[in-house]
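The values are calculated or read from the model by the stated rules, or taken from the named source; none is laboratory data. Every value quoted in this text rests on a predicted model; they were computed, and no experiment measured them. Here Cβ is always computed from backbone atoms with ideal geometry, including for glycine, and neighbour counts include all displayed protein chains. Just so you know, the surface numbers come from the protein's heavy atoms only, side chains and all, with ligands and any DNA or RNA stripped out. Shrake-Rupley method; radii C 1.70, N 1.55, O 1.52, S 1.80 Å.
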Amino acid sequence: MRARDTEAGRFLVEERLSGPEVSVECLVDRGELLFVNVTGKLLHPGPSPVELGHVVPASLPPEVTAELTALMRQLVDSTGFGSGVLHAEWILVDGVRPHLVECAGRLPGDSIDLLIDLAYGGRIVADLLAVLEGGGPPPRGPALAG
């Protein structure tokens, strides 16, 4: 919705990307990735892909998960991200080629943090606090559930 007396909106678009959407959540301590999760997104079909739900961890080929992890490391290195949780959203063009949509130094929304806790065990918020207090969280293994 726009006020009646405003000019028409303008947009800058480089390219429309089509493909599955995922997010990647990393717990980072002084630039080192301690934990990485890839979340699959369930989207409403059509031109307005509104999120309907999430899958933790995402069901992706191992090489795509490895590439997303490598890209998150590159994102941490290139931004100088120190310690905290880094959340980034990606579109997988052709289902396999990740393109960055956005990133933020924060916990993910939509209760993804709770899904991570349920899938992997432990508590991501407690792990984040342990990192910020200068200690290390207990190591996490692979997901126990999904």
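Taking the criterion of being over 21 Å from residue 15 (Cβ atoms), acidic (Asp, Glu), modelled with pLDDT of 95 or more and within 12 Å of the chain's Cα centre (by Cα), would at least one residue in the stretch 108-124 satisfy it?
Looking for residues that are over 21 Å from residue 15 (Cβ atoms), acidic (Asp, Glu), modelled with pLDDT of 95 or more and within 12 Å of the chain's Cα centre (by Cα), one finds at least one in the stretch 108-124, hence yes.
Taking the condition acidic (Asp, Glu) and over 24 Å from residue 29 (Cα atoms), does residue 102 pass?
no
Scan the stretch 62-76 for residues that are open to solvent by less than 20 Å² (accessible area, probe 1.4 Å) and in contact with a Pro (Cβ under 9 Å, 6 or more places away or on another chain) and jot them down.
64, 68, listed by residue number.
Among the residues in the stretch 2-20, are any touching a residue at least 24 places away in the same chain (Cβ under 8 Å), closer than 23 Å to residue 142 by Cα and either of a type outside the set (Val, Ile, Thr) or buried (at least 17 other Cβ atoms within 10 Å of the Cβ) (or both)?
So far as the stretch 2-20 goes, yes, one or more of its residues are touching a residue at least 24 places away in the same chain (Cβ under 8 Å), closer than 23 Å to residue 142 by Cα and either of a type outside the set (Val, Ile, Thr) or buried (at least 17 other Cβ atoms within 10 Å of the Cβ) (or both).
Check off (1) touching a residue at least 40 places away in the same chain (Cβ under 8 Å); (2) in contact with a Ser or Thr (Cβ under 7 Å, 6 or more places away or on another chain); (3) crowded, with 19+ Cβ neighbours inside 10 Å for residue 30 and give me the number that stays unchecked.
(3)
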